[in-house]
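Following: one structure in structure tokens, then a few remarks.
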Amino acid sequence: MTATAAEAAAPHDFPLPKILTNPASTPPTLITQGAEGRLYKTTYLLPDIPCALKYRPPKPWRHPVLDQRLTKHRILSEARILSKCRRDGLRVPDVYALDEAAGWLMLEWVQGTPVRVNINQRLGSRTEGIEDDEELKDLMRRIGAAVGKMHSIGVIHGDLTTSNMMLKPPAQQQQTTDGATGLEGEIVIIDLGLASGGVHDEDRAVDLYVLERAFGSTHPRAECIFGEVLDAYRQSYKQAGVTLKKLEDVRMRGRKRSMLG
Amino acid sequence: MAAVAAAAAVSSPLPPSTSPSSTTATTSTTTKTTTTASSPPAAAAAAMSSKSSWIALGCEGSANKLGIGLIRHTPTSTTILSNLRHTFISPPGTGFLPKDTALHHRTEFVALARRALAEAGVRPADVDCICFTQGPGMGAPLTSVAIGARTLALLWDRPLVGVNHCVGHIEMGREVTGADNPVVLYVSGGNSQVIAYAERRYRIFGETLDIAVGNCLDRFARVLSISNDPAPGYNIEQLAKKGTRLLDLPYVVKGMDCSFSGILASAEALAAQLLQLGPGPEGAGFTVEDLCFSLQETIFAMLVEITERAMAHVGSSQVLIVGGVGCNERLQEMIASMAKERGGSVFAMDERFCIDNGIMIAHAGLLAYRTGFRTPLEESVCTQRFRTDDVYVNWRD
């Protein structure tokens, strides 16, 4: 979900997955080249139902056996997890179709922008007053609640960053402000390619730790309000307190720990 | 020449705790020439303001390599004056222990420092600061080299500059390759990190959750008694070139982090099987070469994956590989292929700069020195853990 503008300015000539070369499909647009693969926007069944096609191309630098094993496993596991989330009421993209051997997964198109973009636009070049920004703190709390909900239904994301959450603006706002990035809307967790099922506090705590650190390196100036995420998380399900206790252990563990002097 | 000999001559005023370092120094105590020690500190301070050329001496010894190098900066150029290394190599099947490695560094320090000065053609009076690795690394070897560095600093009356080892690798990599703002993959025997620069710090995006990738390779080599000369990783790389079969090993990536200890356990179990049954269809069904090949393919694929994820995250298309494992040509090839697909490029170096060396410490130290950074003697203690992001990077925008 990164460098979208740069990618659009200098498009690469990637070979399309076969599914997108069918004459019936809407001409796809390459949205981003993420770490895992490419994301195209096209349509599903009807020309007015937009969808996202997540394509994991073969990675030529990887041994073919290993490559097949990983791709297959990740497509299937992501689809299973997404279905589970929908079933249990967590807002994630719907699964429309998939082909694990060909390496693609077709998902609902989520309107909006990655939370990273919203936060960065909000921060701008500000250095002061960030800890008193109530709207930004409210966004943090919604993030915490979404992550808490996900953990409460037994899903571990595995790669929680502010790039892997979309902020879907409220319906009435969509027509009026295109491109503008407010802080209102619903958090939709995306990119569950590394997700797994799990109810261990350890896994949940590591998940939070990944988010905490990714947040710190992506938005260093907003680190001071990350506590809001954890506050909301604490209230989101019953065992959250235990997980947060565990988070303290994870922070102090081994090589992550600083021992200056 | 004469000045280093003087190092030995002045070793007596050092505190008693530093006595181990003087065991090597005492071999040349007879020369009493102390020409350089006479330059008063005031003169040095006055010279600072209008300087157009700086020289630093760097001392590295965080693991089994002792490196000493001299570097010259001018406002427009950087010149490597000398870059010497002496490696402690343990017998096959063993690793390097802190005690033996520290002894090696203490024994070789003076001779290497003399050679580095001679090769650079620099007098101690020309040196602006003494840079040394403050961490991270193995405690005893770090301490030995720090004592050497303190001795030189006291003797020549020059300030000390403590350098973070990881930052040394990164800065040297940027200097040698010309990479401007790359995502850095730092892979060595003690560290595995994916780093990117943001707001005055080298921020760690991903890293190993347990052992370092080089440590995984080193310990695997020990099980099969693969030679440690010149490096276990190098010998694994040569064996892997002849491997054909990919064995199933765990593949552990968690977000931008990864873990190698489970893979090591699996590879060790397979190696034990191989040693017991022998290769071939009647035996284990695979060879040492296959096992080395599988290990490399699996762990490098993991490294490429976390690097790619960091690149996607920060929106960069340049990668710089540093650290000892960065010499591995298979890893370089894999990263290059990935970077090319993302419309970018890879910056890699050869063993002179990838493997631990003194010049990178001198370079990073001198960058900090020029911004006014000093490490007072009483704060020149080493630390085994020193996070890359603890360093405030004052010399970059």
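The values are calculated or read from the model by the stated rules, or taken from the named source; none is laboratory data. Predicted model, so just to flag it, every value in this text is computed and none were measured. Positions of Cβ are generated from backbone atoms using ideal geometry, with glycine treated the same way; all protein chains shown enter the neighbour counts.
Just checking, how many residues over the range A:139-162 are within 14 Å of chain B (Cβ to nearest Cβ) and in a helix (DSSP H, G or I)?
Summing the residues that are within 14 Å of chain B (Cβ to nearest Cβ) and in a helix (DSSP H, G or I) in the range A:139-162 gives 2.
What are the residues in the range B:230-289 that are touching an Asp or Glu at 6+ places or on another chain (Cβ under 8 Å) and among the β-branched types (Val, Ile, Thr), if any?
Matches in the range B:230-289: B:244, B:253.
For residues that are modelled with pLDDT of 95 or more and either of a type in the set (Lys, Arg) or not assigned by TED's automatic domain parsing to the domain that holds residue A:118 (or both), tally how many sit in the range A:216-244.
Qualifying residue count for the region: 1.
Just to be sure I understand the filter: pairs with C-beta atoms under 6 Å, separated by 6 or more residues or on different chains, first member in the range B:106-129 and over 21 Å from residue B:142 (Cα atoms), second member at pLDDT below 95 and surrounded by fewer than 22 Cβ atoms within 10 Å (Cβ to Cβ). Which pairs pass?
Short answer, once both residue conditions are applied: B:124/B:36; B:125/B:36; B:125/B:39.
Residue B:335 versus (1) over 17 Å from residue B:159 (Cα atoms); (2) buried (at least 20 other Cβ atoms within 10 Å of the Cβ); (3) more than 11 Å from chain A (Cβ to nearest Cβ): which is the lone unmet condition?
(3)
List pairs: first residue in the range B:369-386 and within 22 Å of residue B:71 (Cβ to Cβ), second residue of a type in the set (S, T, N, Q) anywhere in the structure, Cβ distance under 6 angstrom, at least six positions apart or on different chains.
B:371/B:394; B:382/B:134; B:382/B:143; B:386/B:164
Is it true that residue B:349 is assigned to a loop (DSSP other than H, G, I, E, B), away from every other protein chain (no Cβ under 14 Å), within 17 Å of the chain's Cα centre (by Cα) and of a type outside the set (Phe, Trp, Tyr)?
It is true that residue B:349 is assigned to a loop (DSSP other than H, G, I, E, B), away from every other protein chain (no Cβ under 14 Å), within 17 Å of the chain's Cα centre (by Cα) and of a type outside the set (Phe, Trp, Tyr).
Which condition breaks for residue B:320 when tested against (1) assigned to a helix (DSSP H, G or I); (2) touching a strand residue (DSSP E or B) at 6+ places or on another chain (Cβ under 7 Å)?
With respect to (1) assigned to a helix (DSSP H, G or I); (2) touching a strand residue (DSSP E or B) at 6+ places or on another chain (Cβ under 7 Å), residue B:320 is out only on (1).
Condition test on residue B:311, is it surrounded by 20 or more Cβ atoms within 10 Å (Cβ to Cβ), in a helix (DSSP H, G or I), at the interface with another protein chain (Cβ under 9 Å from one of its Cβ atoms) and of a type outside the set (Ser, Thr, Tyr)?
In short, yes.
Being touching a Gly at 6+ places or on another chain (Cβ under 9 Å), among the charged types (D, E, K, R) and more than 14 Å from every other protein chain (Cβ to nearest Cβ) narrows it down to one residue among B:218, B:229; which is it?
The conditions single out B:218.
Can you pull out every residue in the range A:62-73 that is of a type outside the set (S, T, N, Q) and either in the same structural domain as residue A:158 (by TED's automatic domain parsing) or surrounded by 21 or more Cβ atoms within 10 Å (Cβ to Cβ) (or both)?
If the condition is that a residue be of a type outside the set (S, T, N, Q) and either in the same structural domain as residue A:158 (by TED's automatic domain parsing) or surrounded by 21 or more Cβ atoms within 10 Å (Cβ to Cβ) (or both), then A:62 is the only one that fits.
Checking the structure you have, find out if any residue of the range B:316-331 is outside the structural domain of residue B:229 (by TED's automatic domain parsing), crowded, with 19+ Cβ neighbours inside 10 Å, among the β-branched types (Val, Ile, Thr) and within 22 Å of the chain's Cα centre (by Cα).
Checked the range B:316-331: no residue is outside the structural domain of residue B:229 (by TED's automatic domain parsing), crowded, with 19+ Cβ neighbours inside 10 Å, among the β-branched types (Val, Ile, Thr) and within 22 Å of the chain's Cα centre (by Cα).
Quick check, is residue B:337 out of contact with any Phe, Trp or Tyr (no Cβ under 8 Å at 6 or more places or on another chain) and in the same structural domain as residue B:260 (by TED's automatic domain parsing)?
Here the answer is no, as residue B:337 does not meet what is asked.
Matching residues to (1) touching a Gly at 6+ places or on another chain (Cβ under 7 Å); (2) closer than 18 Å to residue A:53 by Cβ; (3) outside the structural domain of residue A:51 (by TED's automatic domain parsing):
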residue: A:87; (1), (2), (3): no, no, no
residue: A:93; (1), (2), (3): no, yes, no
residue: A:100; (1), (2), (3): no, yes, no
residue: A:103; (1), (2), (3): no, yes, no
residue: A:128; (1), (2), (3): no, no, yes
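Each row is one residue, and each column tells you yes or no for (1) in contact (Cβ under 8 Å) with a residue 40 or more places away in the chain; (2) crowded, with 23+ Cβ neighbours inside 10 Å; (3) in contact with a helix residue (DSSP H, G or I) (Cβ under 7 Å, 6 or more places away or on another chain).
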{"position": "B:208", "(1), (2), (3)": "yes, yes, no"}
{"position": "B:214", "(1), (2), (3)": "yes, yes, yes"}
{"position": "B:223", "(1), (2), (3)": "yes, no, yes"}
{"position": "B:227", "(1), (2), (3)": "yes, no, yes"}
{"position": "B:266", "(1), (2), (3)": "no, no, no"}
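Take residue B:329 and tell me if it is of a type outside the set (Phe, Trp, Tyr) and free of Cβ contacts under 8 Å to residues at least 24 places away in the same chain.
no
For residue B:211, are the conditions met, namely being at pLDDT 90 or above and either outside the structural domain of residue B:276 (by TED's automatic domain parsing) or under 30 Å from residue A:192 (Cα atoms) (or both)?
yes
Only one of B:384, B:296 is within 13 Å of chain A (Cβ to nearest Cβ) and either under 17 Å from the mean Cα position of the chain (by Cα) or more than 24 Å from residue B:252 (Cα to Cα) (or both). Can you tell me which?
Checking each option against the conditions leaves just B:384.
Mind checking which residues of the range B:290-345 are hydrophobic (A, V, I, L, M, F, W, C), over 25 Å from residue B:172 (Cβ atoms) and in contact with a helix residue (DSSP H, G or I) (Cβ under 7 Å, 6 or more places away or on another chain)?
B:291, B:292, B:293, B:295, B:301 - these are the residues of the range B:290-345 that are hydrophobic (A, V, I, L, M, F, W, C), over 25 Å from residue B:172 (Cβ atoms) and in contact with a helix residue (DSSP H, G or I) (Cβ under 7 Å, 6 or more places away or on another chain).
So which strands (runs of 3 or more DSSP E) stay within the range A:16-114 end to end and still have 2 or more residues that are modelled with pLDDT of 90 or more, among the aliphatic types (A, V, I, L, M) and under 26 Å from residue A:197 (Cβ atoms)?
A:50-55, A:95-99, A:104-108
State which residue is farthest from the chain's Cα centre (by Cα) when the search covers only the range B:48-87 and only residues that are among the small types (Gly, Ala, Ser) and buried (at least 24 other Cβ atoms within 10 Å of the Cβ).
B:56
If you check residue B:231 against the conditions, is it modelled with pLDDT under 95 and aliphatic (A, V, I, L, M)?
Taking the combined requirement at face value, the residue satisfies it.
Being at the interface with chain A (Cβ under 10 Å from one of its Cβ atoms), without any contact (Cβ under 8 Å) to a residue 40 or more places away in the chain, among the aliphatic types (A, V, I, L, M) and closer than 28 Å to residue B:179 by Cα narrows it down to one of B:253, B:304, so name that one.
B:304
Looking at the range B:352-381, which of the residues that are assigned to a loop (DSSP other than H, G, I, E, B) and over 12 Å from residue B:162 (Cα atoms) is farthest from the other protein chains (Cβ to nearest Cβ)?
The residue in question is B:357.
If residue A:183 passes every condition in (1) at pLDDT 85 or above; (2) within 12 Å of chain B (Cβ to nearest Cβ); (3) within 21 Å of the chain's Cα centre (by Cα) but one, which one does it miss?
(2)
I'm told residue A:95 meets every condition in (1) within 20 Å of residue B:337 (Cβ to Cβ); (2) of a type outside the set (S, T, N, Q); (3) within 18 Å of the chain's Cα centre (by Cα) except one. Can you identify the failing condition by its number?
(1)
Of the residues B:262, B:280, B:326, only one is in a loop (DSSP other than H, G, I, E, B) and more than 10 Å from chain A (Cβ to nearest Cβ); which?
B:280
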